[in-house]
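Structure record follows, encoded as structure tokens.
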Amino acid sequence: MRKGTCGKKKGEAKFGRFIKMAYLCRDDWQRSCTIRIILNINTIWMTIRTFQHRVTAVGMTVPLVTAVLALFFLWHRTTVHVIIGLGMVLVVVILMERLLHTQYLFDGEELIIRKGRFDKEERVNVKEITRITKIRRQWLCLDYLLICYGAGHETAVQPQNEEAFLQEIKRRQNDHETDPE
């Protein structure tokens, strides 16, 4: 083995975006063995947690009605109807993309809201959340969580498991209060 090179890899574990590696290194010049550990402490106590979007009856009805209207417009083969029908097909694709691919991720001290692949993600610092209100609309069968944060900002979320989502926010807010940094 050459002087100052690392020998056998002992172990490797992945935590989020960071990698923890331990190498058993042998330095022939000093004849000593050392262990090098590359580690980010924040990734151990904070893991990435993902919540999926809840699909509701209203959320499925709007794309379905739009798809039926698109089919109606495409059925009539005039130029205007075809253009309107193709526009409605595009709207159906965007609505279904948002409905099926909306995710809520907790990464460290941030809540990342991804509303599909076509929309940009929204980042909310968990420490800045001031109030969470459960909104129930009986006549539209809508229920969601309204998150108030920062200087008058609001966002609405519909996670599948609301109770676990609220517990995760409380846990991360409490962890940041007791964080030694």
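The values are calculated or read from the model by the stated rules, or taken from the named source; none is laboratory data. Since the structure is predicted, the reported quantities are computational estimates derived from the model, not experimental observations. Don't worry about glycine lacking a Cβ; one is built from the backbone with ideal geometry, like all the others, and counts go over all protein chains shown. The accessibility values were calculated without ligands, DNA or RNA, using every heavy atom of the protein model including side chains. Shrake-Rupley method; radii C 1.70, N 1.55, O 1.52, S 1.80 Å.
Exactly one condition in (1) assigned to a helix (DSSP H, G or I); (2) modelled with pLDDT of 50 or more; (3) of a type outside the set (A, V, I, L, M); (4) surrounded by 14 or more Cβ atoms within 10 Å (Cβ to Cβ) is not met by Thr43; state its number. Tallying (1) assigned to a helix (DSSP H, G or I); (2) modelled with pLDDT of 50 or more; (3) of a type outside the set (A, V, I, L, M); (4) surrounded by 14 or more Cβ atoms within 10 Å (Cβ to Cβ), Thr43 fails exactly one: (2). Only residues that are closer than 21 Å to Val62 by Cβ and of a type in the set (Gly, Ala, Ser) were counted across segment 95-110, and they come to 0.
Candidates in segment 51-68 are the residues that are of a type in the set (S, T, N, Q) and in a helix (DSSP H, G or I); of these, the one that is nearest to the chain's Cα centre (by Cα) is Thr61. Regarding Leu71, is this residue in a helix (DSSP H, G or I), surrounded by fewer than 16 Cβ atoms within 10 Å (Cβ to Cβ), modelled with pLDDT of 90 or more and over 23 Å from the mean Cα position of the chain (by Cα)? Yes; evaluated as a whole, the condition is true for this residue. Any residue at all in segment 142-159 that is under 24 Å from Ala67 (Cα atoms) and over 18 Å from the mean Cα position of the chain (by Cα)? For segment 142-159, residues under 24 Å from Ala67 (Cα atoms) and over 18 Å from the mean Cα position of the chain (by Cα): present. Pairing each residue of segment 42-66 that is within 24 Å of Leu105 (Cβ to Cβ) with any residue that is open to solvent by 80 Å² or more (accessible area, probe 1.4 Å) and modelled with pLDDT of 85 or more, provided the two are 6+ apart or on different chains, yields C-beta distances under 6 Å for Gln52/Gln160; Arg54/Gln160.
Mind checking which residues of segment 94-107 are out of contact with any helix residue (DSSP H, G or I) (no Cβ under 6 Å at 6 or more places or on another chain) and not basic (Lys, Arg)?
Across segment 94-107, the qualifying residues are Ile94, Glu97, Leu100, His101, Thr102, Gln103, Tyr104, Leu105, Asp107.
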